[in-house]
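A short reminder: the numbers here are calculations on the coordinates, not readings from a lab. Given the structure is predicted, the values throughout are model-derived calculations rather than measurements. Neighbour counts run over all protein chains shown; Cβ positions are idealised from the backbone, glycine included.
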Amino acid sequence: MLFKGSVKLALTLGIASAVTLAAANTSNYTYLALGDSVAFGLNPTLLKDPPPPASTFVGYPEVIAYVENLYQSNKEVNAACPGETSGSFIASGVPDYGCNSMGPQGQPAYKTWAGLHTNYPGTQLSFAVSQLKANPHINLITLGIGSNDVLLLLRTCNNDPVCVGTQLPGLLQTYAGNLAYILQSIRGTGYKGTIVLVGYYSPSADLIPIAQQLNSTMLAVGANFRTIYADGFTAFQTVAIPYGGDVCKAGLLIHLDATTCDIHPSPLGRNVLAVTVMAATGFRF
């Protein structure tokens, strides 16, 4: 079974937590990771002022690069920005959840305050397009985007379920348009390599229906652009079966105390996402 094997591998990848990310200093890297705080590897419990260097944080792209022997040779570049939305990914000045604007806990914009694994001017999409045009060696892109669109909605609605239910269809429609624009822009560079869309897990039971709708939208849009879907939602839910489906109790999220969790993946959760991506692409290791 995939996920039994996934857990076994994830538990053996503790060494990946010690990996520090080298700066993007070559033009022939083969793996471009795009997305938000999940891809970045953010652990909010480690944030302070001044913030730690980006190398403190390890996301699933670094685990993939480590396992696939891409890391030591600088074949992976992680451009993800915590708080990025599908809109801010495309255009400057569009609301986000902390990449280019104040973060959810009042911290400064992450991109300028703490810095990213790979620092660049402009939007994440403009960086990706410029890299794809300049570097013909890229053959793998992972993209996880959309969760912060939902988090912005929850904040705007003050978590009121009626408000969220009313506004969610419009959000998903906008998200679908943004994702299509992102993927069209990537394919429009002439890139013919692999694009993996990384589906979102649900950090709590009440958000499962929203996560499912977001992922369904991602899957539907991605089908038009020859993408592969990595089902992070099912991976987390499967690992959490022995814990009644509670991903916090399963150790997949960062613990804030003995019984409560942050929404971000723990090292185990990060590794499960990495395994899910690799399995979706047919990599064998």
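Output yes when any residue across segment 160-175 is among the aliphatic types (A, V, I, L, M), over 30 Å from Thr30 (Cβ atoms) and surrounded by fewer than 16 Cβ atoms within 10 Å (Cβ to Cβ), and no when none is. Reasoning before the result, please.
Of all residues in segment 160-175, those among the aliphatic types (A, V, I, L, M) come to 162, 164, 168, 171-172.
Filter once more, so that each one left must be over 30 Å from Thr30 (Cβ atoms): 162, 164, 168, 171-172.
Within this subset, residues satisfying the condition of being surrounded by fewer than 16 Cβ atoms within 10 Å (Cβ to Cβ) are 162.
Checking segment 160-175: at least one residue is among the aliphatic types (A, V, I, L, M), over 30 Å from Thr30 (Cβ atoms) and surrounded by fewer than 16 Cβ atoms within 10 Å (Cβ to Cβ).
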Inset, instruction - Run down Leu125, Leu132, Leu152 and say which single residue is aliphatic (A, V, I, L, M) and over 24 Å from Ala211 (Cα atoms). - result: Leu132
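So which residues in segment 99-142 are part of a helix (DSSP H, G or I) and either buried (at least 18 other Cβ atoms within 10 Å of the Cβ) or hydrophobic (A, V, I, L, M, F, W, C) (or both), if there are any at all? Show your work before the answer.
Filtering segment 99-142 for residues part of a helix (DSSP H, G or I) gives 110-113, 124-134.
Tyr110, Lys111, Trp113, Gln124, Leu125, Phe127, Ala128, Val129, Gln131, Leu132, Ala134, listed by residue number.
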Inset, instruction - Could you check, for segment 246-255, whether at least one of its residues is free of Cβ contacts under 8 Å to residues at least 12 places away in the same chain and either of a type in the set (Ser, Thr, Tyr) or farther than 23 Å from Thr45 by Cβ (or both)? - result: no
Legend entry - Residue in segment 159-174 that is closer than 19 Å to Ala128 by Cβ and of a type in the set (Ser, Thr, Tyr) present: no
Inset, instruction - Please identify the pairs in which a residue from segment 39-55 that is in contact (Cβ under 8 Å) with a residue 60 or more places away in the chain has its Cβ atom under 7 Å from the Cβ atom of a residue that is of a type in the set (Asp, Glu) and surrounded by 21 or more Cβ atoms within 10 Å (Cβ to Cβ), counting only partners at least 6 apart or on another chain. - result: Gly41/Glu62
